[in-house]
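One structure below.
The values are calculated or read from the model by the stated rules, or taken from the named source; none is laboratory data. In this text the structure is predicted, and so the values were computed from the model without any measurement. Using ideal geometry, Cβ is built from the backbone for each residue, glycine included, and neighbour counts are taken over all protein chains shown. When the accessible area is computed, the model is the full protein with side chains, heavy atoms only, and any ligands, DNA or RNA have been set aside. Shrake-Rupley method; radii C 1.70, N 1.55, O 1.52, S 1.80 Å.
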Amino acid sequence: MHDRAVKASKKPATTDEFIAKWQRIVDLMARTVGVPAGLIMRVDPPQIEVFISSATEGNPYKQGERTDLNTGLYCETVMKHRTPLLVPDALKDPQWKHNPDVALGMTYYLGFPLVWPDGEIFGTICVLDTEENLQASTYKDLLYEFQQIIEGDLRIMSYAAAREQLVRLELEEAELAYRIITDFTYDWEYWVNPDETIRYMSSSAERITGYTNQQFIDNPALRWEIIIPEDRNIWDRHYEQERRDPRFYEIQFRIRRKDGEIRWIEHACQPVTGPRGEFWGLRVSNRDITARKEVEEALRRSEQSLTEAQRIAHLGNWDWDIVTDELRWSNEVYRIFGLQPREFGATYEAFLASVHPDDRDAVTKAVEESLADPHTSYSIEHRVIRPDGSERMVHERGEVTFDETGKAVHMIGTIHDITELKKAELESYRARRELLRMERVSSMGELTASLAHELNQPLTAILSNAGAALRFLQSDRLDPGELREILQDIINDDKRAGDIIRSVRAMLKEEEREREAIPINNMLRGMFSLFHSEAVIRNIEIEMDLVDPSPVVRVDTVQIQQVLINLAMNAAEAVSRHEPEDRKIVLQTRPVDPGAVQVAVRDFGPGIGEKKLARIFDPFFTTKRSGLGMGLSISRSIIEAHGGRIWVENNPDNRGVTFYFELPVA
């Protein structure tokens with residue numbers, strides 16, 4: 001045969017240790033499979049040798065026997081095709097008519113190829129029998145495993161032989177050894193002689209630099225000429241240092257490839273000495289680390305972006321190893337706490353020391369609850385005390401990791417400095433309060449004329465009754481009963497004027513009020529007492545349709561009064577455009593499920609277009625010729641703050657609109 005399968009080059013000798021091991025394998029294989037012959041065959045062109053033969057009864061093959069190739073052996077087919085071969089009965093297949101194995105009575109064959117690591121055929125491992133062996137066929141996987149074991153041993157033998165050869169070559173000629181190594185490396189390797197000439201340059205030089213290894217050999221200075229000017233000083237310092245003190249050095253610099261591309265190089269050099277210590281030059285390894293540098297730069301930018309984002313957002317992160325009690329903070333956490341890393345003990349107790357004394361118990365409780373229950377997240381707002389005595393308000397969140405026994409072992413989280421947010425919320429709250437007050441002032445300003453008229457009536461009555469009483473006292477005839485009635489009228493009119501003044505003062509006061517339980521109908525009647533004169537002046541009919549008994553709500557009475565007056569004034573503005581006989585407003589209360597009361601203010605004005613209706617509660621949107629457009633927006637805020645809702649609908653008969661709001665009953 002002339003196939004490459006049976007060609008053989010010099011290979012390492014098989015040691016006695018491996019021969020003994022393989023003998024045990026073929027013996028075990030033959031006994032397990034139940035065949036007379038188990039063999040390891042080794043090719044040695046132009047012959048094939050029985051290298052290992054099982055010590056089993058009926059085995060006709062003797063160790064060391066040789067047979068010429070190209071004689072139709074089973075093993076030749078296996079080696080040629082490099083695939084397993086199963087011949088159940090050679091007598092039934094004319095292909096094996098001249099097979100020497102058949103002449104020995106071996107008509108059953110199962111064999112696998114054995115291959116050296118470099119791809120050359122070693123031989124085969126096989127079992128043979130004098131008849132078809134169905135049991136043997138079931139052990140095909142077992143033979144495969146034996147094949148893998150033998151080939152593993154061949155790899156060990158090859159690698160051991162290669163190492164021995166390498167040692168010999170290094171001892172005989174260091175340069176040759178270096179070539180063997182560097183020719184198979186991915187890095188750009190070279191050897192520089194003491195006189196700066198190049199002894200050897202690996203072929204990877206061209207892959208990394210774009211210049212051939214011969215170009216470097218012809219021009220040794222090309223090694224530093226391709227370094228970019230910005231990094232040349234790194235090379236110069238390194239060059240001087242390695243000449244003064246030859247030892248292992250490692251530096252990084254950038255080169256410009258032949259095609260102009262910039263690449264990062266990690267340069268390592270090691271002095272080479274002869275058997276007697278003489279300096280033979282430098283062996284250099286240059287690795288292209290551009291991809292690594294790009295990853296490092298991307299990571300650096302990412303970390304920088306994260307740090308900057310945390311600084312901007314005042315949001316830091318922390319990591320607590322509960323088992324070792326080691327607490328790690330990001331830079332932003334240190335900034336929030338006003339500490340330097342060297343000033344922080346990096347433990348849970350050190351963290352607690354910075355928590356405001358009044359908040360420590362709450363923080364401790366929140367931490368303990370999250371450590372005790374995997375379903376409880378850590379989330380708390382608390383204050384911290386900085387070393388300079390200033391306070392910061394923070395919001396912490398955390399998640400706990402538990403081990404397989406349910407023990408808390410690790411906790412990570414974030415800490416957000418919400419000091420400025422809290423200040424902004426306070427300022428916003430104050431601004432909303434002032435806006436509410438100004439809206440009330442505006443509403444009361446619109447009612448000035450009617451309030452003056454409303455106050456004028458009791459004051460005029462008081463003046464009239466006081467004059468009458470004075471005349472009674474000056475007359476000769478004094479009727480005590482009639483005088484009593486006059487004085488009672490004065491008292492009643494005074495109370496009426498006082499109620500009006502108190503209502504106005506309550507609307508204009510700025511301080512916060514407690515919510516109180518009050519019948520909703522009383523709220524509408526109170527609003528009506530303020531609005532009554534305005535309705536009289538505008539010649540508007542007010543109809544009250546109030547449910548009995550009145551549902552009770554728990555509200556800020558001044559704020560709900562503000563909503564009612566705003567809705568009533570809007571309704572009055574709408575109907576004032578009609579003839580006096582069509583000027584009408586209906587105030588209505590109705591219970592609604594579940595547990596709420598509905599208030600409706602209906603006017604019979606011109607209505608509101610659909611586009612405007614959709615924006616009616618938007619801040620600064622108004623359908624009136626004057627006004628800021630904040631009344632309805634504020635009204636919605638008030639109602640929603642009380643857990644209710646407010647909306648508006650055009651009336652079905654196309655006469656005006658109805659504003660509705662609902663509040664939960666107390």
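Of the helices (runs of 4 or more DSSP H) entirely within segment 182-247, those holding at least 2 residues that are under 46 Å from the mean Cα position of the chain (by Cα) occupy 204-209, 222-225, 232-244. For Ile380, the conditions (1) open to solvent by less than 50 Å² (accessible area, probe 1.4 Å); (2) part of a helix (DSSP H, G or I) all hold with the exception of (2).
Residue under question is Thr364, and the condition is that it be farther than 26 Å from Glu303 by Cα, surrounded by 12 or more Cβ atoms within 10 Å (Cβ to Cβ) and in the same structural domain as Ala408 (by TED's automatic domain parsing); does it hold?
On the way: farther than 26 Å from Glu303 by Cα: yes; surrounded by 12 or more Cβ atoms within 10 Å (Cβ to Cβ): yes; in the same structural domain as Ala408 (by TED's automatic domain parsing): yes.
Yes, satisfied.
When restricted to residues that are touching a residue at least 40 places away in the same chain (Cβ under 8 Å) and out of contact with any Pro (no Cβ under 9 Å at 6 or more places or on another chain), segment 542-555 contains 6. Close Cβ contacts (under 7 Å, 6 or more residues apart or on different chains) running from residues in segment 279-293 that are small (Gly, Ala, Ser) to residues that are in a strand (DSSP E or B) comprise Gly281/Trp191; Gly281/Val192; Gly281/Arg199; Gly281/Val272; Ser285/Glu189; Ser285/Ala268.
Taking (1) under 23 Å from Arg525 (Cβ atoms); (2) open to solvent by 80 Å² or more (accessible area, probe 1.4 Å); (3) small (Gly, Ala, Ser) in turn, Ala596 satisfies each apart from (2). A Cβ distance below 6 Å, combined with a sequence gap of six or more or placement on separate chains, defines the contacts here; from segment 357-368, residues that are in a helix (DSSP H, G or I) reach residues that are open to solvent by less than 80 Å² (accessible area, probe 1.4 Å) and of a type outside the set (A, V, I, L, M) in the pairs Asp359/His382; Asp359/Arg383; Val363/His382; Ala366/Tyr378. The C-beta contact set for segment 252-277 (first residue under 12 Å from Ile208 (Cβ atoms), second residue open to solvent by less than 30 Å² (accessible area, probe 1.4 Å) and of a type in the set (Ser, Thr, Tyr), distance under 6 angstrom, 6+ apart or interchain) comprises Arg257/Thr209; Arg263/Thr290; Trp264/Thr290.
The one condition from (1) in contact (Cβ under 8 Å) with a residue 12 or more places away in the chain; (2) more than 24 Å from Gly34 (Cα to Cα); (3) under 58 Å from the mean Cα position of the chain (by Cα) that Gly72 does not meet is (3). Looking for something buried (at least 20 other Cβ atoms within 10 Å of the Cβ), touching a residue at least 12 places away in the same chain (Cβ under 8 Å) and of a type in the set (Ser, Thr, Tyr) - is there at least one such residue anywhere in segment 572-579? No - not one qualifying residue is present in segment 572-579. Applying the selection to segment 304-355, what residues are open to solvent by 80 Å² or more (accessible area, probe 1.4 Å), in a loop (DSSP other than H, G, I, E, B) and touching a Phe, Trp or Tyr at 6+ places or on another chain (Cβ under 8 Å)? Across segment 304-355, the qualifying residue is only Gln340.
Ser633 passes every criterion in (1) modelled with pLDDT of 85 or more; (2) crowded, with 16+ Cβ neighbours inside 10 Å; (3) of a type in the set (Gly, Ala, Ser) apart from (1). Just a yes or no: is a residue in segment 23-36 surrounded by fewer than 16 Cβ atoms within 10 Å (Cβ to Cβ), modelled with pLDDT under 95, under 60 Å from the mean Cα position of the chain (by Cα) and among the hydrophobic types (A, V, I, L, M, F, W, C)? Checked against the condition, which is being surrounded by fewer than 16 Cβ atoms within 10 Å (Cβ to Cβ), modelled with pLDDT under 95, under 60 Å from the mean Cα position of the chain (by Cα) and among the hydrophobic types (A, V, I, L, M, F, W, C), segment 23-36 yields at least one hit. Taken over segment 525-554, the criterion of being among the aliphatic types (A, V, I, L, M), modelled with pLDDT under 90 and open to solvent by less than 30 Å² (accessible area, probe 1.4 Å) is satisfied by Met527, Leu530, Ala535, Ile540. The set of residues from segment 71-97 being surrounded by 12 or more Cβ atoms within 10 Å (Cβ to Cβ) and in a loop (DSSP other than H, G, I, E, B) comprises Thr71, Gly72, Leu73, Arg82, Pro84, Pro88, Asp89, Asp93.
Residue-by-condition table, conditions (1) of a type in the set (D, E, K, R); (2) at pLDDT 95 or above; (3) part of a strand (DSSP E or B); (4) assigned by TED's automatic domain parsing to the domain that holds Gln270:
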{"site": "Asp101", "(1), (2), (3), (4)": "yes, no, no, no"}
{"site": "Gly119", "(1), (2), (3), (4)": "no, no, no, no"}
{"site": "Gly123", "(1), (2), (3), (4)": "no, yes, yes, no"}
{"site": "Glu131", "(1), (2), (3), (4)": "yes, no, no, no"}
{"site": "Asp141", "(1), (2), (3), (4)": "yes, no, no, no"}
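In segment 291-314, the residue that is farthest from Ile265 (Cα to Cα) out of those that are at pLDDT 80 or above and among the charged types (D, E, K, R) is Arg301. Any residue at all in segment 83-94 that's of a type outside the set (A, V, I, L, M, F, W, C) and either within 60 Å of the chain's Cα centre (by Cα) or at pLDDT 95 or above (or both)? Yes, there is a match, as at least one residue in segment 83-94 is of a type outside the set (A, V, I, L, M, F, W, C) and either within 60 Å of the chain's Cα centre (by Cα) or at pLDDT 95 or above (or both). Taking each residue of segment 381-409 that is farther than 16 Å from Val363 by Cβ and in the same structural domain as Leu352 (by TED's automatic domain parsing) and looking for partners that are among the basic types (Lys, Arg) and surrounded by 14 or more Cβ atoms within 10 Å (Cβ to Cβ) with beta-carbon atoms closer than 8 Å, six or more apart or interchain, yields Arg386/Arg392.
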